[in-house]
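No lab work stands behind these numbers, since they all come straight from the coordinates. Only a predicted model underlies this, so the values are computations on that prediction, with no experimental measurement involved. Neighbour counts are summed over all protein chains in view; Cβ atoms, including those assigned to glycine, are modelled from backbone coordinates with ideal geometry.
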Amino acid sequence: MARRIDRTRLFISFGLAFGLVLIIFGFRSGITGEDARLTPQAIERMSPADGDRVLRQAQIIIDFASGYTATLNIDGIDLPVTRLDELSAATGQPAPGAQVELPATAVFDPGNNVLSFQPQASALITSFTQGEHVAIVTYWKILDGPDKARTYTWRFLTD
């Protein structure tokens, strides 16, 4: 004699199986790591990232892939850029262990492909006011020149 199928157990089994399929599908379709990155390929890392909350004196750092250079605009203010290699050429090589005074501009380090800016008293931006700030980095391959420049815009918040 055949056993009768319990419909309650059958529906529970189908529900659990369907839930398990949805969980597996969710994990397989999730985007993480390099695939989740929304910045251009030329930008390897940046701080603060889009939507981050930072302190009033937070340093802006954009790390580029090799062979790029850039300029920076924050809240509509074009920041002058000083290249470290030009700075050392103009002032001479500092003595080992000597403190080097950086100008109150955005600083591009061509050895590390990093553009950075630190708000300070003598800079165009002395500190970030409370609220949202818009940063625009204009970047280009050094070999192509600024005529082929691209821009990337992001926002960050200051408490």
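Backbone amide hydrogens, once placed in the peptide plane, bring Val54 within less than 5 Å of Leu157, Thr158, Asp159, excluding anything fewer than 5 places away on its chain. For the pair the stretch 106-121 and the stretch 131-159, the centres of their Cα atoms are 13 angstrom apart. Rounded, prolate or oblate: which fits the stretch 100-159 when a ≥ b ≥ c are the square roots of the eigenvalues of the alpha-carbon gyration tensor, with rounded for a/c under 1.5 and prolate only if a/b beats b/c? Oblate shape, in that a/c is at least 1.5 and b/c is the bigger or equal ratio.
Calculated mean residue ellipticity at 222 nm for the chain: -6500 deg cm²/dmol, from DSSP H runs with n ≥ 4 weighted as -39500 (n - 2.57), summed, divided by the residue count and rounded to 500. For the pair Thr126 and Leu55, the difference between a 0.36 nm per residue extended length and the Cα-Cα distance amounts to 24.3 nm. The gain in end-to-end length when the Asp147 to Ala65 segment is fully stretched comes to 27.7 nm, 0.36 nm per residue minus the alpha carbon separation. Averaged over residues, the count of other Cβ atoms within 10 Å places the peptides 75-87, 7-19, 142-154 in the sequence 75-87, 142-154, 7-19, highest first.
Amide H to amide H distances under 5 Å link Glu44 with Asp63, Phe64, Ala65, where only residues 5 or more positions off or on other chains count and H is placed in the peptide plane.
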